[in-house]
Amino acid sequence: MDRHRTPARLAGPVRRLALAVAATSTLALTVATPAIAAAPAATGAPAAQQSAAVPPAAQTGKFVPTDPHRILDTRSAIGVPTAGKVPGGTHIRVPVGLPAGDVKAVVMNVTVTGPSEESHLTVFPDGTPLPTASNLNFTAGQTVPNAVTVPVSNGFVDFYNNSGSTDVVADLAGYYTDSVGIPGSSYVPVSPARLLDTRSGGAGPVGADGTVNLRVTGTGGVPAAGASAVVLNVTATGTTSDSFLTVYPHGTARPGTSNLNWTAGQTTPNLVTVPLGADGSVDLYNHIGATQVVADVFGYYQSSPAGSAYSATGPKRMVDTRTSDSFHTLGADGIMNLPVATGGLGTTKVSAVVLNVTATNATDDSFLTVFPGNGTGRPSTSNLNFHAGQTVPNLVIVPVDDSGLINVYNHLGRVDVIVDIFGWFSLPEGGPTNLQMPELPASACATAAPGPWVPVVPGTKYRLGATMPGLSGGTTPRGWLVVVVTAPDGSVTSYEGGLAFPQTPAGTSVELAKSGPGQYSWYAYETNGTVVSAPSRPCYFQADTDSGITGVTVTSDRAPGEIVAQGQQVTFTLAATSVGATEGQRIASFCYSETPQMCTRLPATDGRATITVTASSWGTHFQYVTAYTVSGWSTQTVSFSYYVRSN
């Protein structure tokens, strides 16, 4: 049991958790204005130096979206000298149409159509040896799309068809660059969440020339403001005709490209990276017939330099269960635990990996889910959906936690799985470390969005701190900490602390609730006005400014004041209600005890819990109960009394 000391009672129907703000140290500056304001001399840093603070360097591996456009279509001689299918055993060179020096990798949607026989397609950097990996696997007559992220060499990428002949179509969606002069976005992986399923909720299939609008921001871990593009796994199923689906920013003209292509009756998944419309939503358009559409979110891009940067690798085959001695065909409810080091990353610390996952030799209609960790906590989303006998590839971007493991789960039947790695994402290195929010729960500073829910008191300042990395160069041997906070409304504010020595803690105090409840993020960096460190890794959390709890009741199978014999059992039902709209305001647990100083925590289900106690010593007894929300707000303690007679 989890036993802890009950916080002191505060006035009013709802008691806030103990959130006393620690005294500001000599290294901290309590401010509520942006960093451009001159700092008081008392902080130890000259005002002239602090007003000259520079932002951290732009991150490498930035994503730059492009207007979706077709760079290859062998049916109509786009990207190739003449029209015609790609013969087996040959490759074609295709220009990406971007400045070669600025592009490290491109993001494309690649489709094969009209293949003459079973084969596979490999997309790889021009001028490099053909890898053993594949991007698309297909059978005769099948139309198969797949997202592809591939390094660019000499401004070209190559497309290799293994056997038979097939037409190939490629639509460019964006690229990654290290160029300082090009603005771009860093990546933030989120826990996979389902945003759309037209099979449930009464939406129904999307008809011919039909469009469904999907709100993305403010859901599934994507912040209400600040996201520039989103990564979705989109699946078309229950298709009645050969058709295609196009995903594009709401409020813009629909492009002449496609993201998913299928034949009637086919279930087709594909990973889609798409910019968000001005209102934070995207549109999904179906061309012919009708189809059900499922969309799961896996991450988003933001302008903050504290997100993850992309690095290309390979392509390299990590596992093929058809030939591997270590990994075998997955059965029903089977899970394969795969170390990311298998992809040749060694001890590289990564936040996510970019994989091409293929399901083949399936004995039943099923799906695969790829997720991080030691095999527990599987999300209710999917990455690949397939029918018996169907071969289906799909690009997957999956977060990597401290275990260094990724998991591939199969739902039904037996299926072989092929995994190829194409790149990885990594968080910033070399900036401030040990980000802390000491007045909030220890778990508050999470590097994965959206972060945990925490209680934040409006009007209260909270200390945000980190360990300084140290600087080299410039006229000042020491620097000061700058904390950059992004609020739920997308506003960004910088706060500065005082001068500090390298490898020592520093901090500043920030009024977090000025923008109200919702998803926050912050990062830190060190500067001396001339030289600037790399940014820290990000900290994500979600703030609730009120509990939303409207009442707590304790009822029993005994009447209040009823006399109970020693040794008899007494059952209590604990209930609480909340009118809060956020997950953080959901009733999470109760704490109960016969003494108000100590209590035992009990999880709540739908705001209720039941306990049974055995009457002990004679006399009047009280059962004290406190309710807690997910974010940590608590209620005033209520009690129920009963009397135990002496035997």
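Taking N as the number of residues in the chain, what is its alpha-carbon radius of gyration divided by 2.2 N^0.38 Å?
That ratio works out to 1.10.
Collect residues whose amide H, placed 1.01 Å from N in the peptide plane, falls under 5 Å from the amide H of H621; neighbours closer than 5 in sequence don't count.
The answer is Y642, Y643, V644.
Could you order D102, D158, D606 so the one with the most accessible surface comes first? Probe is 1.4 Å.
Output order, biggest surface exposure first: D606, D102, D158.
So how exposed is V531, as accessible area in Å² (1.4 Å probe, rounded to 10)?
30 Å²
What spacing in nm lies between the two simple spin-label points modelled at A278 and A388, each 7 Å away from Cα in the Cβ direction?
Those two pseudo-labels are separated by 5.2 nm.
Please list, ordered by chain and number, the residues whose modelled amide H lies under 5 Å from the amide H of A446; skip anything fewer than 5 residues away on the same chain.
When sequence neighbours closer than 5 places are left aside, the close amide H contacts are Y540.
What's the Kirkwood radius of the stretch 84-218 in Å, using all Cα pairs? Could you put the intermediate results ahead of the total?
Working: mean 1/r = 0.0578 Å⁻¹.
Its Kirkwood hydrodynamic radius stands at 17.3 Å.
With only Lys, Arg, Asp and Glu charged, each at its Cβ (+1 for the first two, -1 for the last two), find how big the charge dipole of the stretch 296-356 is about the Cα centre; round to the nearest 20 debye.
In total the dipole reaches around 240 debye.
HN-Hα J couplings of the stretch 506-520 from phi, Karplus 6.51/-1.76/1.60, θ = phi - 60°, integer Hz, Gly and Pro as x?
Rounded to whole hertz, the list is 9, x, 8, 10, 9, 7, 6, 8, 4, 9, x, x, x, 8, 10.
With a 1.4 Å probe and every protein chain left in place, tell me how much accessible area H91 has, in Å² to the nearest 10.
100 Å²
Sort out for me the Cα centre separation of the stretch 279-349 from the stretch 151-189, rounded to whole Å.
Their Cα centres are 16 Å away from one another.
What is the distance, in nm, between label points placed 7 Å from the Cα along the Cα-to-Cβ direction at S303 and at E117?
With each label placed 7 Å out from Cα toward Cβ, I get 5.4 nm.
Under the rule of at least 5 residues apart or a separate chain, name every residue whose amide H is placed under 5 Å from the amide H of Y520.
F541, Q542, A543
Taking the Cα centre as origin and putting +1 on Lys and Arg beta-carbons and -1 on Asp and Glu beta-carbons, what dipole magnitude results for the chain, to the nearest 20 debye?
1420 debye
Going Cα to Cα from K514, which lysines come in below 29 Å? Please leave out same-chain ones fewer than 8 positions away.
Cross-link targets: K461.
Determine the gain in length on full extension of the stretch N213-T573; use 0.36 nm per residue of separation and subtract their C-alpha separation, reporting nm with one decimal.
125.2 nm
R478: accessible area at probe 1.4 Å, nearest 10 Å²?
So the heavy atoms of R478 present about 80 Å² to solvent.
Treating only the Cβ of Lys, Arg, Asp and Glu as charged (+1, +1, -1, -1), what charge dipole size does the stretch 336-416 show about its Cα centre? Round to the nearest 20 debye.
About 100 debye.
For the stretch 253-295, what number results from the quotient of the Cα radius of gyration and 2.2 N^0.38 Å?
That ratio works out to 1.27.
Given labels modelled 7 Å from the Cα in the Cβ direction, how far is it in nm from V180 to S472?
Here the answer is 1.7 nm between the modelled labels.
If you roll a 1.4 angstrom probe over the protein chains with everything in place, what fraction of the accessible area of the chain belongs to carbon and sulfur, to the nearest %?
With neighbouring chains kept in place, the figure for the chain is 53 percent.
Test of understanding: extend the Cα→C-beta vector of A565 to 7 Å, then name every residue of the stretch 609-627 with backbone N under 14 Å from that spot.
615-616
In whole Hz and in residue order, list the ³J(HN,Hα) couplings for the stretch 234-240 that follow from phi through the Karplus curve 6.51 cos²θ - 1.76 cosθ + 1.60, θ = phi - 60°; x for Gly and Pro.
10, 10, 9, 9, x, 6, 9
Determine the order of E511, E439 by accessible area, beginning with the largest, at a probe radius of 1.4 Å.
Result, largest first: E511, E439.
Taking Cα pairs under 8 Å and at least six residues apart, what relative contact order does the chain come out at, in percent?
In percent, rounded to a whole number, it is 14.
Among the aspartates and glutamates, which fall within straight-line cross-link reach of K349, defined as a Cα-Cα distance under 13 Å, with same-chain neighbours fewer than 8 residues apart omitted?
Hits, sequence-local ones excluded: D401, D402, E429.
Suppose only helical runs count, i.e. DSSP H with n ≥ 4. What mean residue ellipticity at 222 nm does that imply for the chain under -39500 (n - 2.57) per run, divided by all residues and rounded to the nearest 500 deg cm²/dmol?
On the way: 1 runs with 5 residues, N = 647.
Here the helix-only value at 222 nm equals 0 deg cm²/dmol.
How would L471, L464 line up by accessible area, probe 1.4 Å, largest first?
Order by accessible area, largest first: L471, L464.
Tell me, what ³J(HN,Hα) does each residue in the stretch 485-498 have, in order and in whole Hz, if you take phi through Karplus 6.51 cos²θ - 1.76 cosθ + 1.60 with θ = phi - 60° and put x for Gly and Pro?
10, 9, 8, x, 7, x, 5, 10, 10, 9, 10, 10, x, x
Considering all projection directions equally, how large on average is the shadow of the alpha-carbon convex hull of the stretch 488-562, in square nanometres?
9.9 nm²
The values are calculated or read from the model by the stated rules, or taken from the named source; none is laboratory data. Please read all numbers here as calculations on a predicted model, not as lab measurements. Quick reminder, even Gly has a Cβ in these numbers, built from the backbone with ideal geometry, and neighbours come from all protein chains shown. Please note that ligands, DNA and RNA were not included when accessible areas were found on the heavy atoms of the full protein model with its side chains. Shrake-Rupley method; radii C 1.70, N 1.55, O 1.52, S 1.80 Å.
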